[in-house]
Amino acid sequence: MSDRVESGPALQAQALCQRFAGQAILNGLSFEVEPGEALCLLGHNGVGKTTTLNHFLGFHQPLSGFVRVMGLCPQQQPLQVRRLIGYVPEDAALYAHLNALENIDYFLAAGGQPRPALEQLLVWLEQVGFPLEAARRPAAGYSKGMRQKVVLALALAKQAKVLLLDEPTTGLDPRSADELAQQILDLKSQGVAVLAVTHDLLWAHQVADHLGIMQAGRLQDLIAREHLQPHELADRLFRASGRLVVEEPAI
């Protein structure tokens, strides 16, 4: 298969199915995310939201169906795909003994990508709102919000076409969550496609073009943001899932 990045959706899941320990986790999941758009996946734990992200990262082999990142298959072309992706996990991990600049430089080198000048790294950190006075301090002292900003600066450094986020607002105070939303909107304006898994309805309403309610491993509902206010979304989510959204270990 060619490594050429194709035109079309930045992210595509088509009839995606997955089972773990005999249990169906994804059951014919299909959606697309265009460049410059954001889709937030909502739903109670265990419906396959994080599993969906892991397929785009190439961590799982689909039982059937497929996913594509810029037309490329993550399972067959993992290195090429990961160069296109910026990934923000629930707890962004950095090397504690390295500072922000050294972490970004290390991850770029590990991915076989060009290592920019120090001045450019500082520009990217400033763009995502990282406090530059902390750029040379060990990451061991960084807050969760600061670690996320380093990961977002890494996405800028990689010139990522796609941003994947897994519960990005967990543990953030309202101001930090709002700052993160603005950074996502800025990346969207640059053509980056965003796929986020979240329980935060207000944050999802801030950043998403479409909100996908997952149930039983598929999209139960796909809603354009402008069609619903957050309180209406909460009611629709409750009716679709038949239960309140609570914090539980994700699958």
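The values are calculated or read from the model by the stated rules, or taken from the named source; none is laboratory data. Just so it is clear, the structure is predicted and the values come from calculations on it, not from any experiment. Neighbour counts are summed over all protein chains in view; Cβ atoms, including those assigned to glycine, are modelled from backbone coordinates with ideal geometry. All accessible areas refer to the heavy atoms of the entire protein, side chains included, with ligands and DNA or RNA removed. Shrake-Rupley method; radii C 1.70, N 1.55, O 1.52, S 1.80 Å.
For the chain, with only Lys/Arg (+1) and Asp/Glu (-1) charged at the beta-carbon, what is the dipole magnitude about the Cα centre, in debye rounded to 20? Write out the running numbers ahead of the final one.
Values: 21 positive and 26 negative charges, 126 e Å.
So the magnitude is around 600 debye.
Nearest 10 degrees is fine. How inclined is helix 174-189 to the longest principal axis of the chain, computing both from alpha carbons?
Helix 174-189 sits at roughly 90 degrees to that axis.
Count the lysine pairs in the chain whose Cα atoms sit under 21 Å apart, keeping only pairs 8 or more residues apart in sequence or on different chains.
6
Counting pairs of alpha carbon atoms under 8 Å apart in space and at least six apart in sequence, what relative contact order in percent does the stretch 1-78 give? Don't jump to the answer; show the numbers that get you there.
Details: 132 pairs, mean separation 31.4, N = 78.
Rounded, it is 40 percent for the stretch 1-78.
Is it possible to state the helix-based mean residue ellipticity at 222 nm for the chain, with each DSSP H run of 4+ residues giving -39500 (n - 2.57), the sum divided by total residues, to the nearest 500 deg cm²/dmol? What is it?
Values: 8 runs with 86 residues, N = 251.
That calculation yields -10500 deg cm²/dmol at 222 nm.
When N is the residue count of the stretch 1-125, what does its C-alpha Rg come to as a fraction of 2.2 N^0.38 Å? Display every interim value, and only then the final one.
On the way: Rg = 16.6 Å, N = 125, 2.2 N^0.38 = 13.8 Å.
Normalised Cα radius of gyration, the stretch 1-125: 1.21.
With springs connecting C-alpha atoms under 10 Å apart, model the chain as a Gaussian network and identify which of Leu72, Leu11, Leu201 has the largest mean-square fluctuation.
Leu201
Which whole-number percent is the relative contact order of the chain (Cα, under 8 Å, 6+ apart)? Don't skip to the answer; put the middle values down first.
Working: 493 pairs, mean separation 71.4, N = 251.
Here the relative contact order equals 28 percent.
Can you give me the three principal axis dimensions of the chain from its C-alpha atoms, in Å, biggest first?
49, 45, 34
Please give the length that would be gained between Gln229 and Ser143 if that part of the chain were fully extended, namely 0.36 nm times their separation in residues minus their C-alpha to C-alpha distance (nm, one decimal). Let's see the in-between values first.
Numbers: separation 86, 0.36 × 86 = 30.96 nm, distance 3.13 nm.
That works out to 27.8 nm of additional length.
Within the chain, what's the longest stretch lacking trypsin sites (Lys or Arg not before Pro) that sit in DSSP loops with no more than 12 other Cβ atoms inside 10 Å? All intermediate terms of the calculation are to be shown ahead of the outcome.
Values: sites that count: Arg4, Arg136, Arg243.
In the chain, the maximal stretch lacking such sites is 5-135.
Taking all protein chains in place and a 1.4 Å probe, what share, in percent, of the accessible surface of the stretch 54-134 do carbon and sulfur account for? If you can, show how the numbers build up before the last one.
On the way: 2190 of 3950 Å².
Ligands and nucleic acids excluded, carbon and sulfur reach 55 percent.
Which residue fluctuates the most in the chain, going by a Gaussian network model with Cα springs under 10 Å, if the choices are Asp186, Asp105, Asp235?
Asp235
Calculate, for the chain, the solvent-accessible area per residue in square angstrom, rolling a 1.4 angstrom probe over the heavy atoms of the protein chains.
Values: 11530 Å² over 251 residues.
Ligands and nucleic acids excluded, the figure is 46 Å² per residue.
Along the Cα→Cβ direction, 7 angstrom out, place labels at Ala21 and Glu126. What is the inter-label distance in nm?
5.0
Could you tell me the center-to-center distance, by alpha carbons, between the stretch 136-160 and the stretch 64-110 in angstrom?
The two parts, judged by their Cα centres, are 13 Å apart.
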